[in-house]
Amino acid sequence: MKKPAVPLILDDFEPQEREVASNLGMPGLRMQFFRGPVWGKTPAQLQKQVIEGNNPVTGKPVMRELVELLTRPLAAGEQKTGELRRDAGPETYTGTPDELHRLFLEKRYTDFLPVVLPTEERVAEMLKFTSRRPDDALGRMNPGSEAGESWTYTVKTAAINAVMAGADPEYFPVILALGSTGMTAVNVSDNGFMAGAVINGPIRDEIGLNYEEGAVGPFARANTTIGRAWSLLSINGGNCGKVGTTYMGTIGNPMNLIGIIMAENEERSPFQPLSVRRGFKKGENVVTLFMGWGILSAKNWAATVWGPNMDYPGIIKEIYGTQDGHLFGTCAVLSPPIANFIRDAGYDTVEKFTEWVTGQAPGAKRAPAGPEINLGVRKSGGTFTVIVTGGSNNNYFSMGGMVPAQSVRIDDWR
Amino acid sequence: MRLRMTGIVILCLGLFCALSPAGRPTLAAGPAAAETITVYNPMGTPPPVTLRPQAPRLDTLEGKTLYFVNTGFIGGDRLMAVMSDWFKANYPGTRIVYKESGAGVSALSPALWDEITREGDAAIVGLGH
């Protein structure tokens, strides 16, 4: 607009906002910081906290400094033009294994767990499991906000991170499919979003994905290391998950360590696989990405108090009514026995069950999340997604907020 | 005496092993730890950055129009209200215009951008939260 402007920002966001400004070409952008949060505060509290307060970064009075930022003439450094070319360091590092492990930790290339060092031989072995060339562009990823910059990465970058995660090379097409979407497994939001994926098709058995007992936990190498490879690719390929700049989760989310990789238990499910419900043919190998708050055992909701005759459809509907419908809607991860309870109650398709739970016909458009979210308008439930996985040793299920995003054919990445 | 000489020899050997010819400490582990390997850097590629100059500043706020733009997070409206009050009390010659711009961190709409360019002299764009 060619008019002087100053962004007002909470001081907690200072490192991130300075990085954002640098990425946008204004490394010395004048900003004004104040102590937050401000929501829920009365005008009198804001008067004391902000108007009469100091900028926590500079120690100067907020309002006087704000005037100065708009009126003090620009220094030469604030008027620079040109292009800055950046790289992310050398292509390789040489050292002893101990030195390299320390280096990877110091440079925040890891999730703080030990990694497999990505030697040329190991990366070459990983690359044998795709027909794609190492230097082919694979994806473009930002931390999950329009404010973040997008980094690019290649098939080889994915192979390097897959090696580090401890993935078997035969998992590589799944990892490439995930990376091709550009969706981060470690979202920047202060909400602490998580990411997950559901895999359908015969590849589940081909690579040993667990969809029986412990299906959503770290109880098989394939589930665990595919999720970890996605997280590491997000941290390194997409420069995500750096606290203070590209990660701001106020409390954080334990599901950020390893993206949850679920394989549906298609064999024991009474319903069509998720991929088929999303338009793919049965038998196709498909990965569907999810984002949200995460899931936890539905046993923690009061609705599931034990009784001799458990009304599982009713319990799920009651929990649906307690979920925030704005961002991610509701996701139910059902064990096969629970899915069969639902079928036996008369809902022989997920679509019929969804219509009953949500009160909306299949394909009904989701109400857009607009300004009403900030006016305190509550909309419960939202979209409803059903995933069937896990063992049949008891009647358990999990629920939470996760919404499906892209679905990708895995075989396109072989 | 013999014990003392032995001690001196061990001490010298210890110093010899612990210092490289340049006098710098080296790792005293077995031969496997000393082997070096080469590994790949796992990072992606950042985009290039085009530097942009900031707009020239005002010489005074007196007689100028100052836009307060609330980007829509909760609390931004109240924050800007108390800030506007401060400007009205301390800079009575400054005209304050309050606008709301979408929800969350969305960029300013082209219409609002044009309006500020056309009718404003400066802007304060605020994030509640």
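The values are calculated or read from the model by the stated rules, or taken from the named source; none is laboratory data. These figures come from a predicted structure and were not determined experimentally. Note that each Cβ is placed from the backbone with ideal geometry, even for glycine, and that neighbours are counted across all protein chains shown.
For the structure I just gave you, tell me whether A:GLY292 is under 20 Å from A:LEU178 (Cβ atoms), touching a residue at least 40 places away in the same chain (Cβ under 8 Å) and small (Gly, Ala, Ser).
yes
Given the condition small (Gly, Ala, Ser) and touching a helix residue (DSSP H, G or I) at 6+ places or on another chain (Cβ under 7 Å), answer yes or no: does some residue in segment A:76-94 qualify?
no
Identify the residue in segment A:291-350 that is among the polar types (S, T, N, Q) and assigned to a strand (DSSP E or B) and, among all such residues, is surrounded by the fewest Cβ atoms within 10 Å (Cβ to Cβ).
A:SER297
I want to confirm something. Restricting to segment A:14-31 and keeping residues that are more than 8 Å from chain B (Cβ to nearest Cβ) and of a type in the set (A, V, I, L, M, F, W, C), which single residue is surrounded by the most Cβ atoms within 10 Å (Cβ to Cβ)?
Top of the filtered list is A:VAL20.
Checking the structure you have, find out if any residue of segment A:120-127 is part of a loop (DSSP other than H, G, I, E, B), more than 7 Å from every other protein chain (Cβ to nearest Cβ) and either free of Cβ contacts under 8 Å to residues at least 40 places away in the same chain or not charged (D, E, K, R) (or both).
For segment A:120-127, residues part of a loop (DSSP other than H, G, I, E, B), more than 7 Å from every other protein chain (Cβ to nearest Cβ) and either free of Cβ contacts under 8 Å to residues at least 40 places away in the same chain or not charged (D, E, K, R) (or both): absent.
Within the bounds of segment B:114-127, is there any residue that is surrounded by fewer than 16 Cβ atoms within 10 Å (Cβ to Cβ), within 7 Å of another protein chain (Cβ to nearest Cβ), more than 22 Å from the chain's Cα centre (by Cα) and in a helix (DSSP H, G or I)?
yes
Mind checking whether some residue in segment B:73-88 is of a type outside the set (Phe, Trp, Tyr), part of a helix (DSSP H, G or I), crowded, with 17+ Cβ neighbours inside 10 Å and under 23 Å from the mean Cα position of the chain (by Cα)?
yes
Restricted to segment A:128-148, and to residues that are facing chain B (nearest Cβ under 10 Å) and surrounded by 23 or more Cβ atoms within 10 Å (Cβ to Cβ), which residue is nearest to the chain's Cα centre (by Cα)?
If we take residues in segment A:128-148 being facing chain B (nearest Cβ under 10 Å) and surrounded by 23 or more Cβ atoms within 10 Å (Cβ to Cβ), then A:MET141 is nearest to the chain's Cα centre (by Cα).
Look through segment A:32-51, keep the residues that are touching a strand residue (DSSP E or B) at 6+ places or on another chain (Cβ under 8 Å) and surrounded by fewer than 19 Cβ atoms within 10 Å (Cβ to Cβ), and return whichever of them is farthest from the other protein chains (Cβ to nearest Cβ).
If we take residues in segment A:32-51 being touching a strand residue (DSSP E or B) at 6+ places or on another chain (Cβ under 8 Å) and surrounded by fewer than 19 Cβ atoms within 10 Å (Cβ to Cβ), then A:ARG35 is farthest from the other protein chains (Cβ to nearest Cβ).
Quick one: would you say A:VAL57 is β-branched (Val, Ile, Thr), buried (at least 18 other Cβ atoms within 10 Å of the Cβ) and modelled with pLDDT under 95?
Here the answer is no, as A:VAL57 does not meet what is asked.
Hey, can you tell me all the residues within segment A:70-103 that are more than 7 Å from chain B (Cβ to nearest Cβ) and surrounded by 13 or more Cβ atoms within 10 Å (Cβ to Cβ)?
If the condition is that a residue be more than 7 Å from chain B (Cβ to nearest Cβ) and surrounded by 13 or more Cβ atoms within 10 Å (Cβ to Cβ), then A:GLU99, A:HIS101, A:LEU103 are the ones that fit.
Looking only at helices (runs of 4 or more DSSP H) that fall completely inside segment A:149-207, which ones have 3 or more residues that are modelled with pLDDT of 95 or more and either of a type in the set (A, V, I, L, M) or buried (at least 24 other Cβ atoms within 10 Å of the Cβ) (or both)?
Result: A:155-165, A:172-180.
Any idea which of A:GLU99, A:GLU106 is over 18 Å from A:TYR153 (Cβ atoms), under 26 Å from the mean Cα position of the chain (by Cα) and at pLDDT 95 or above?
From the options A:GLU99, A:GLU106, the qualifying one is A:GLU106.
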